[in-house]
């Protein structure tokens, strides 16, 4: 299955955080690679979407729509820089 | 909600939908939105589509490609009629956007319907009538599959946008453009040189974006100057 990228979960993240999140940057908790959320490899053909580190490919984020609510687990991704919308708009 | 105002056939597989949203906060060139369809039994399907219109255009335009096994695109391309209503969420995304303030050379690389967000960017730039002149490389299966062909040709003439087409399957005999898939050599031929540190946007199917991004890096482009947006069967 081909990976998409973090742009594919931008809508769900917006619903959850109420702010455009794809320009936020963080580091992979497994290998330390720094990436923007838009640069994560996203697999979303399952019941939820899984975001993987673009370098080590380990899972850093899980996004699930459950009974009308979007849940985001971001244990593997340490946010280091706020999204651009925080700083420029 | 948004009301369908006009439908325009772009190619045998693509249709543009001009919408009039009840409320719209405005968007930035390159952003996308989510369309949600609800069946009579309550089943819902949602897909993301790039916005094809510039922020200053009247109405909001999506260009949708029909996927034969798709849940949403066959309805949007074949069934939708003027006056119908669509449920929208957006605008979405802040990474794959064209900023007025973008300085330095810009390169756009599109595969198939990956041209859609670039139409918004090129129209936006033409409306602003300032800033850098972008270069565009557009890969398509055939001439018949080229979306916005006339408009792009006009932009090339009036705005000085340097546009290169490449056809991967059928090309007419006298085709003046390139043939074959985008590879390192073609990128080196048509893209701004890596020493100029161009900002490069790449949009298309996953495999296309992967090949182009790797080719750009192999040609010396800095990964942090390459912005990508991939779409796949669930995203189109």
For this session: Return one number: the angle in degrees, 0 to 90 and rounded to the nearest 10, between the long axis of the Cα atoms of helix B:116-128 and the longest principal axis of the Cα atoms of chain B.
Result: 80
For this session: Set the Förster distance to 25 Å, then compute FRET efficiency between residue A:80 and residue B:99 from the Cβ-Cβ distance, nearest 0.05.
Result: 0.65
Problem set entry | Shielding by partners, peptide A:35-41 (average Cβ within 10 angstrom, other chains) | 3
Problem set entry | Residues B:38, B:153, A:22, sorted so that the one with the fewest Cβ neighbours within 10 Å comes first | B:38, B:153, A:22
For this session: Tell me what the protein assembly as shown gives for mean residue ellipticity at 222 nm when only DSSP H runs of n ≥ 4 count, each as -39,500 (n - 2.57), the sum divided by the residue total, rounded to 500 deg cm²/dmol.
Result: -5000 deg cm²/dmol
Problem set entry | Neighbour-count ranking [beta-carbon atoms within 10 angstrom, fewest first] of B:197, A:36, B:135 | B:197, B:135, A:36
Problem set entry | Sequence of B:164, A:55 once ranked by neighbouring C-beta atoms within 10 Å, starting from the fewest | A:55, B:164
For this session: Take the Cα pairs of the protein assembly as shown, get the Kirkwood Rh, then feed it into Stokes-Einstein at 4 °C and 1.567 mPa s and tell me D in µm²/s.
Result: 64
Exercise. Once you wrap a convex hull around the alpha carbon atoms of the range B:131-203, what is its projected area averaged over all directions, in nm²?
Worked result: 5.5
Exercise. Could you give the nm distance between label points at residue A:64 and residue B:143, where each point is 7 Å from its Cα heading toward the beta carbon?
Worked result: 5.3
Seminar exercise, completed: Of the range B:2-44, those with amide N under 11 Å from the point 7 Å along the Cα→Cβ vector of residue B:58 are none
Seminar exercise, completed: Distance in Å, no decimals, from the C-alpha centre of the range B:4-46 to the one of the range A:28-45 is 29
Exercise. Residue B:225 versus residue B:156, label points 7 Å from Cα toward the beta carbon: distance in nm?
Worked result: 2.4
Problem set entry | C-alpha long axis of helix B:206-218 to longest principal axis of chain B, angle in ° | 20
Problem set entry | Nearest-ten-degree value, helix B:149-159 long axis tilted from longest Cα axis of chain B | 50
Seminar exercise, completed: Over all viewing directions the Cα convex hull of chain B casts an average projected area in nm² of 12.7
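Taken together, the values in this text are just the output of simple stated rules run on the coordinates, not laboratory data. In this text the structure is predicted, and so the values were computed from the model without any measurement. Backbone-built Cβ (ideal geometry, glycine too); neighbour counts: all protein chains shown.
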